[in-house]
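Chemist: I have a structure here, written as structure tokens, and I will follow up with some questions on it.
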Amino acid sequence: MTPFARLLCALVFTASRNAKLRVLRRYFEATPDPDRGWALAALCGKLDLRSVKPAVIRALVEERVDPVLFRLSYDFVGDLAETVALIWPDTGAKGAPLLLSEAVDALRAAGRQEAPALLARMLDRLPADERFALIKLATGGMRVGVSERLAKTALAQMSADVSLEDIEALWHGLEPPYVPLFAWLEGRAGAPSVDLALAFRPMMLAHPIEAALYSAGEQRENTQGEALTLARMAERLSPADFIAEWKWDGIRVQAIATPSGQRLYSRTGEEIGGAFPDLLAAMRWRGAVDGELLVMRDGEPAPFADLQKRLGRKAVSARMLREFPAHIRAYDLLHDGERDLRDLPLAERQARLQDWLARETPVRLDLSPPVPFESWEGLGQIRAGARAAAQEGLMLKRRDAPYVGGRPMGPWFKWKRDPLSADCVLMYAQRGHGKRSSFYSDYTFGAWTLGEDGPRLTPVGKAYSGYTDDELKELDRWIRAHTTDRFGPVRAVEPALVFEVAFDAVQRSSRHKSGIAMRFPRIKRIRWDKPAHEADRLDTLEAMIAQ
Amino acid sequence: MSVDANGYLTLNDAGLYCPAGDFHIDPLRPVARAVVTHGHGDHCRPGMGKLLCTPQTAAIARVRYGETAFGQIETLALGEVLRLGEVSIWLAPAGHVLGSAQVVIEGKHGRAVVSGDYKRRFDPTCAPFEPVACDLFVTEATFGLPVFTHPPIEGEIGRLLASLATFPERAHAVSVYPLGKCQRLIAELRRAGWEAPIYLHGSLRKLTDLYEQLGVAMGPKLDATAARKEEMAGQIVLAPASALRDTWARRLPDPVICAASGWMRVRQRARQGGVELPMVISDHADWGELCATILETGAQTTWVTHGAEDGLVHWARTQGLTAEALAIAGRENGAEGEAE
């Protein structure tokens, strides 16, 4: 348990991605099987112990600690697992150190009846940090800021020969504690043999068209004009080589159905089928489809906000299923039930996809039809009309390109519609993390509303990107000079600086005081010149809500 | 509140007062005669008519506030007895920082001890705490909840040294309180074999020099503000928390922000402060030590002055002791207010 507890502790306090990768890699290299595999499973949410509920832990601790002192402590600490880990009386019991794998084996074997007493005996043997790790392990949910993808990235760094894509290709055929995986990474064995029929295929991703047309120095959206983009497209890309299709505003998924089951994967290969029983039940066909997950009503995609209500749920109520029906709009066919199609050119795969749809007549799944066009100008006009529908823009895909996992440069481009924008007033600034920890780099901005005592600002969003390093320094200076109040790492500032904020959409939100939420807001321009009272009003933003 | 133990101690608007000897202990505002337990700013304030304390605390008060901040400074060596009105007082070591002392008040009704802040662990920079048997014990309760158990300091220093080995290209910037924590950390680093110069923020210099003048070895020190950025890679830099949160920290090469405080025991607290390497190092007694100390003094009555009073008062009452919380203004436990 000691190395695992240290790992959790280090991850909790490490902010930067690279440092987290270093910490993970060191742990995987230094820890023997099967402990490191169980740790990997715990970090990726693949370890389902579920024998111990938080209420059980609370009951255990109240048998051992004065309830008044426990309550005062819990109020102070705020997190049950941590309070219990810290307050659990040291029994002085010493024994052989408890291995992570021993704890996992015992908890897996224990039923609901024996689990509490078993957990208590183990807690008695451990120091506080390890008690914390054990409680987190038993109750699930590590919350240490490590995604499955980050863990896999660290694994790929262990080997010169195995890439992240190689691991992802096999990942869904692997089981904890992943002993053959580590043997492969360490060059002691070949790739593990797994049944890949239901496994995630690494997804093919696109670059923004601007990446192909503009140099890095030019790549800020405020420097690029539509006309320049079109001119460069005409110069460098031939419309005849490409198929265009809508980029729907949902989440990219891979849906796989074989005689042995159905799977639904997110873009990064995480299984999300649990939240979409309606889709899984409808997957009576055979094959592997790449498409967009949408909430669809009467054949029309609903706004992204509706889909968000369905994401990440463990239990889905009948009402959710009725009001937010899920649907897949298919872009591509990777497997038709008989053979892998990924090495075929796109034009051929599209033909196969249409045949397949005609043959299988799937429900809750339809075609994202190609958008016919003659010239880039003509396509540009079609793109300009994208706003109303749940369309993020267009995809341009080379007709002759096979389906390749990762983000190869050249075959696929996304040509997003122009972002929306609004002029908002800086209200609060917060210090960043890591390299930015001494800079005020996270900005909360507001729009004007008319209050009883005149115009006032209501926060409408938060952004921490879109500015250059030099602008960050200037902003930092401005914020320090215009602070009106401080709350820990946050400063309130005079309502005097206007940001032109770009964002992809505005949606209704009951969680925010303003009643709206911006999607992916970023700073487009700092309007040093613009007086704050000329910034936008909240009703201007409300009018932008996608219907 | 009418707390009164045989007339030795009462609470008035300036804090704890001994009517029988006509003096305050660690008063909150200027008074005629102040007996001060130690040099931290929430215990030792300027403007007193007469300041009575250990010679080390007097030296600290002079450095912090200047010679003219007090009408008169009178020193009392540990164990030396002084008659004040109807009582005798003497000072016993508290183990908190250099010069820190408990105030023992003795008269015909018995003995009261005001601990000030104290700790029970070994500290190479100051004399160890000595428990004094008494009838009334006035204790602090900074860490007066059972979640606070301070681990051995060697392990915490070890984690800092291990991180220096893992990230040799990064400065390790430890936020410390300028009096006590800074010097104890330096002394512990020396004990653990760290011989390289330690870089100090300017505000830590005067008190660290004073510790050396008072006979506590600190080893080589350099001025972090004057140092070149690259020379601090892989080195230890000590600074107050406020400097590490501010533009001052930009002079450090990709710093690992560390903090040495008892609060670091609680992860959430450490994370909120943006700390990457929390070290649980405290100059206060932890929960177990607070409880043990109350029992060790044999006092029938315990007053709890500041910190998490509720927990400790509750515990003392479950032990059959009389216990009261004294709400002394200006000593509440603020978010970053612990003077360690």
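Chemist: How many residues does the stretch B:146-167 hold that are surrounded by fewer than 18 Cβ atoms within 10 Å (Cβ to Cβ) and assigned to a loop (DSSP other than H, G, I, E, B)?
Modeler: 2
Chemist: Being over 21 Å from the mean Cα position of the chain (by Cα), within 8 Å of another protein chain (Cβ to nearest Cβ), over 26 Å from B:K206 (Cβ atoms) and in contact (Cβ under 8 Å) with a residue 60 or more places away in the chain is the filter here; which residues of the stretch B:237-274 pass it?
Modeler: Residue satisfying the conditions is B:D254 alone.
Chemist: Taking the criterion of being touching a residue at least 12 places away in the same chain (Cβ under 8 Å), within 14 Å of chain B (Cβ to nearest Cβ) and surrounded by fewer than 20 Cβ atoms within 10 Å (Cβ to Cβ), would at least one residue in the stretch A:452-472 satisfy it?
Modeler: Yes, the stretch A:452-472 contains at least one residue that is touching a residue at least 12 places away in the same chain (Cβ under 8 Å), within 14 Å of chain B (Cβ to nearest Cβ) and surrounded by fewer than 20 Cβ atoms within 10 Å (Cβ to Cβ).
Chemist: Check B:A249, B:A224 and return the single one that is aliphatic (A, V, I, L, M) and in contact with a Leu (Cβ under 7 Å, 6 or more places away or on another chain). If you could, list the steps in order and put the result at the bottom.
Modeler: Working: B:A249 fails: in contact with a Leu (Cβ under 7 Å, 6 or more places away or on another chain).
None of the other options fit; the residue is B:A224.
Chemist: Does B:D26 satisfy the criteria of being at positive phi, among the acidic types (D, E), in contact with a strand residue (DSSP E or B) (Cβ under 9 Å, 6 or more places away or on another chain) and surrounded by 15 or more Cβ atoms within 10 Å (Cβ to Cβ)?
Modeler: Numbers: at positive phi: yes; among the acidic types (D, E): yes; in contact with a strand residue (DSSP E or B) (Cβ under 9 Å, 6 or more places away or on another chain): yes; surrounded by 15 or more Cβ atoms within 10 Å (Cβ to Cβ): yes.
So B:D26 fits the description; yes.
Chemist: A further question on this structure: Using the structure shown, decide if A:T83 is within 22 Å of B:F143 (Cα to Cα), within 14 Å of chain B (Cβ to nearest Cβ) and under 36 Å from the mean Cα position of the chain (by Cα). Explain how you work it out, then say what you get.
Modeler: Numbers: within 22 Å of B:F143 (Cα to Cα): yes; within 14 Å of chain B (Cβ to nearest Cβ): yes; under 36 Å from the mean Cα position of the chain (by Cα): yes.
When the stated conditions are applied, A:T83 passes them.
Chemist: Take B:G215 and decide whether it is away from chain A (no Cβ under 14 Å), of a type outside the set (V, I, T) and either without any contact (Cβ under 8 Å) to a residue 24 or more places away in the chain or surrounded by fewer than 20 Cβ atoms within 10 Å (Cβ to Cβ) (or both).
Modeler: yes
Chemist: Kindly indicate whether A:L497 is of a type outside the set (K, R), over 24 Å from the mean Cα position of the chain (by Cα), crowded, with 19+ Cβ neighbours inside 10 Å and within 28 Å of A:Q308 (Cβ to Cβ). I'd like the intermediate steps shown before the answer.
Modeler: Numbers: of a type outside the set (K, R): yes; over 24 Å from the mean Cα position of the chain (by Cα): yes; crowded, with 19+ Cβ neighbours inside 10 Å: yes; within 28 Å of A:Q308 (Cβ to Cβ): no.
Criteria not met by A:L497.
Chemist: When only residues in the stretch B:126-145 that are touching a helix residue (DSSP H, G or I) at 6+ places or on another chain (Cβ under 7 Å), more than 14 Å from chain A (Cβ to nearest Cβ) and in a strand (DSSP E or B) count, which is nearest to B:G215 (Cα to Cα)?
Modeler: B:T139
Chemist: Which of (1) out of contact with any Pro (no Cβ under 8 Å at 6 or more places or on another chain); (2) within 12 Å of chain B (Cβ to nearest Cβ); (3) touching a residue at least 24 places away in the same chain (Cβ under 8 Å) does A:R64 not meet, given it meets every other one?
Modeler: Among (1) out of contact with any Pro (no Cβ under 8 Å at 6 or more places or on another chain); (2) within 12 Å of chain B (Cβ to nearest Cβ); (3) touching a residue at least 24 places away in the same chain (Cβ under 8 Å), A:R64 violates only (1).
Chemist: Could you run through the stretch B:39-55 and say how many residues are touching a residue at least 40 places away in the same chain (Cβ under 8 Å) and more than 14 Å from the chain's Cα centre (by Cα)? Full working, then the answer.
Modeler: Let us first name the residues in the stretch B:39-55 that are touching a residue at least 40 places away in the same chain (Cβ under 8 Å), namely B:39-43, B:53-55.
In the following step, the residues that additionally are more than 14 Å from the chain's Cα centre (by Cα) were identified as B:53-55.
Qualifying residue count for the region: 3.
Chemist: Can you tell me which of A:A154, A:A133, A:A117, A:A138 is in a helix (DSSP H, G or I) and modelled with pLDDT of 95 or more?
Modeler: Working: A:A133 fails: modelled with pLDDT of 95 or more; A:A117 fails: modelled with pLDDT of 95 or more; A:A138 fails: modelled with pLDDT of 95 or more.
Among A:A154, A:A133, A:A117, A:A138, only A:A154 is in a helix (DSSP H, G or I) and modelled with pLDDT of 95 or more.
Chemist: Within the stretch B:237-278, can you find the residues that are closer than 21 Å to B:I198 by Cβ and in a loop (DSSP other than H, G, I, E, B)? Please lay out each step first, then the result.
Modeler: Step one: filter the stretch B:237-278 for residues closer than 21 Å to B:I198 by Cβ, giving B:237-246, B:248-261, B:264, B:275-278.
Correct list: B:P240, B:R245, B:D246, B:L252, B:P253, B:D254, B:P255, B:S261, B:V275, B:E276.
Chemist: Shifting gears a bit: Picking from A:L213, A:L196, A:L228, which residue would you name as being surrounded by 18 or more Cβ atoms within 10 Å (Cβ to Cβ), more than 30 Å from A:A305 (Cβ to Cβ) and of a type in the set (A, V, I, L, M, F, W, C)?
Modeler: On the way: A:L196 fails: surrounded by 18 or more Cβ atoms within 10 Å (Cβ to Cβ); A:L228 fails: surrounded by 18 or more Cβ atoms within 10 Å (Cβ to Cβ).
Exactly one of A:L213, A:L196, A:L228 is surrounded by 18 or more Cβ atoms within 10 Å (Cβ to Cβ), more than 30 Å from A:A305 (Cβ to Cβ) and of a type in the set (A, V, I, L, M, F, W, C), namely A:L213.
Chemist: Suppose we keep only residues that are more than 14 Å from A:V146 (Cα to Cα) and surrounded by fewer than 19 Cβ atoms within 10 Å (Cβ to Cβ) within the stretch A:4-32. Which one would you say is modelled with the lowest pLDDT?
Modeler: Applying the filter and picking the extreme gives A:R6.
Chemist: Let me ask something else. Among the residues of the stretch A:384-404 satisfying the criterion of being touching a Pro at 6+ places or on another chain (Cβ under 7 Å) and surrounded by 19 or more Cβ atoms within 10 Å (Cβ to Cβ), which is nearest to the other protein chains (Cβ to nearest Cβ)?
Modeler: Residue satisfying both the conditions and the ranking: A:A390.
Chemist: Additional query: Search the stretch A:104-160 for residues being of a type in the set (K, R) and over 15 Å from B:R267 (Cβ atoms), and hand back the single one that is nearest to the chain's Cα centre (by Cα). Steps first, please.
Modeler: Narrowing the stretch A:104-160 to residues of a type in the set (K, R): A:108, A:112, A:121, A:125, A:131, A:136, A:143, A:149, A:152.
Then keep just the ones that are over 15 Å from B:R267 (Cβ atoms); that gives A:108, A:112, A:121, A:125, A:149, A:152.
Values: A:R108: 29, A:R112: 33, A:R121: 38, A:R125: 37, A:R149: 10, A:K152: 15 Å.
Out of the qualifying residues, it is A:R149.
Chemist: Taking the condition more than 17 Å from A:A5 (Cα to Cα) and part of a helix (DSSP H, G or I), does A:R64 pass? Full working, then the answer.
Modeler: Values: more than 17 Å from A:A5 (Cα to Cα): yes; part of a helix (DSSP H, G or I): no.
No; evaluated as a whole, the condition is false for this residue.
Chemist: Ok, one more. Looking at the stretch B:281-306 only, could you name the residues that are within 12 Å of chain A (Cβ to nearest Cβ) and surrounded by fewer than 24 Cβ atoms within 10 Å (Cβ to Cβ)?
Modeler: Answer for the stretch B:281-306, where residues must be within 12 Å of chain A (Cβ to nearest Cβ) and surrounded by fewer than 24 Cβ atoms within 10 Å (Cβ to Cβ): B:G288, B:C291.
Chemist: Scan the stretch B:46-82 for residues that are surrounded by fewer than 16 Cβ atoms within 10 Å (Cβ to Cβ) and of a type in the set (G, A, S) and jot them down.
Modeler: The answer is B:G47, B:G49, B:G66, B:G71, B:A77, B:G79.
Chemist: Would you list the strands (runs of 3 or more DSSP E) that sit entirely within the stretch A:250-313 and hold 1 or more residues that are over 19 Å from A:K46 (Cβ atoms)? Let's see the steps before the verdict.
Modeler: Values: elements: A:251-258, A:261-266, A:287-297.
The qualifying strands (runs of 3 or more DSSP E) are A:251-258, A:287-297.
Chemist: In the stretch A:67-80, what count of residues is obtained for those that are touching a residue at least 12 places away in the same chain (Cβ under 8 Å) and facing chain B (nearest Cβ under 7 Å)?
Modeler: Total satisfying the criteria: 2.
Chemist: Here is a further query. Could you please tell me which pairs satisfy a Cβ distance under 9 Å, a separation of 6+ or placement on different chains, a first residue in the stretch A:335-354 that is within 14 Å of A:P402 (Cβ to Cβ), and a second residue that is part of a helix (DSSP H, G or I) and among the basic types (K, R)?
Modeler: Partner pairs satisfying both residue conditions: A:L341/A:R349; A:L341/A:R352; A:R342/A:R349; A:L344/A:R352.
Chemist: For the stretch B:106-115, indicate whether the set of residues that are crowded, with 22+ Cβ neighbours inside 10 Å, over 18 Å from B:T54 (Cα atoms) and among the β-branched types (V, I, T) is non-empty.
Modeler: No, because not a single residue in the stretch B:106-115 is crowded, with 22+ Cβ neighbours inside 10 Å, over 18 Å from B:T54 (Cα atoms) and among the β-branched types (V, I, T).
Chemist: Select, from A:D90, A:D124, A:D105, the only residue that is part of a loop (DSSP other than H, G, I, E, B) and charged (D, E, K, R). If you could, list the steps in order and put the result at the bottom.
Modeler: Details: A:D124 fails: part of a loop (DSSP other than H, G, I, E, B); A:D105 fails: part of a loop (DSSP other than H, G, I, E, B).
Result: A:D90 is the single residue among A:D90, A:D124, A:D105 that is part of a loop (DSSP other than H, G, I, E, B) and charged (D, E, K, R).
The values are calculated or read from the model by the stated rules, or taken from the named source; none is laboratory data. In this text, all values refer to a predicted model and were calculated from it rather than measured experimentally. Here the Cβ is made from the backbone with ideal geometry for all residues, glycine too, and neighbour counts use every protein chain on show.
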